[in-house]
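Quick notes on the structure that follows.
None of the figures in this text is laboratory data; all of them are computed from the coordinates on show. Fair warning: this is a prediction, and the values are worked out from it, not measured in the lab. Positions of Cβ are generated from backbone atoms using ideal geometry, with glycine treated the same way; all protein chains shown enter the neighbour counts.
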């Protein structure tokens, strides 16, 4: 169920920061028709840190209603508090979702034992599968493969999104956690190689912009077609890089607005993309196959 090119979908907003549900529907259709294999609602790209619980629930409910079972819906449920995360997990578990994505607690910098206990509490509360999410560049804590291997013994914990961009880390996770555990790349720049080395897929920022291209690359990589996968990925490398030219999802939202899929709304403390970067980002997007003003990639 959790493989291929999954997208941490952006959250469209009006200029005043309120949610734009018409654009939300357009984005969901965009991914349905362009090969995306899973939708993550309320991830980093979705500005999860600024979404209220009621907004997260409404976005998830609307995605489930529109897409049904055609694409797995994964809801982001992490926070820096174990108690708050457990409460969110309990609430979101009542929805018809495929899984929960739970990021490591940011700012607290827990020990490996603290991380294990945090996820054990989440696993006990969850009524759907849980995918852990390790992204040290944002959270200031690195959940090591030995801890993930411990978590893999809990039936509710079915996978990990690993955003440490070293392929050795991916191999270590695949070896330590066994064939039944899903390792997903969380780093677009290394995702092709990660899938060639045993990861089952990628939760891809780039897929927000070019879902069809990311899906094609993922299919090739998962099929072991190295030359084809690397050729497809080569056209995306500039976009992989420039989607982080400012903090994610600032560049993604700017491009999606240029493509006519969403408006320019974004919530503080994030701001619109600085004009300094417009030309470079547009060039990378066009090199990846983006046609501005059209709702396809």
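In table form, for the structure just shown:
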quantity	calculated
Ellipsoid semi-axes in whole angstrom, largest first, where each is sqrt(5λ) of the Cα gyration tensor of segment 189-251	20, 11, 10
Distance (nanometres) between label positions extended 7 Å along Cα→Cβ at residue 106 and residue 66	2.5
Hydrodynamic radius (Kirkwood) for segment 141-208, which is based on Cα pairs only, to one decimal in Å	11.8
Label-to-label distance, nm, for residues given as residue 49 and residue 25 (7 Å Cα→Cβ offset)	3.2
Segments 230-238, 214-222 sorted - mean Cβ within 10 Å per residue, highest first	214-222, 230-238
Modelled FRET efficiency - R0 41 Å, residue 230 with residue 153, Cβ distances, 0.05 increments	0.70
Inter-site label distance for residue 32 and residue 287 at 7 Å from Cα along Cβ, in nm	3.4
Of all DSSP beta bridges in segment 4-225, antiparallel share, percent nearest 5	5
Those residues of segment 51-69 whose amide nitrogen sits under 18 Å from the label point placed on residue 268, 7 Å along Cα→Cβ	51-52
Sites residue 124 and residue 244, calculated FRET efficiency, Cβ-Cβ separation with R0 25 Å, nearest 0.05	0.10
Segment 4-225: equivalent-ellipsoid semi-axes (sqrt of 5 x gyration tensor eigenvalues, Cα, Å)	25, 22, 15
Spherically averaged projected area in nm², based on the convex hull that wraps the Cα atoms of segment 1-128	8.0
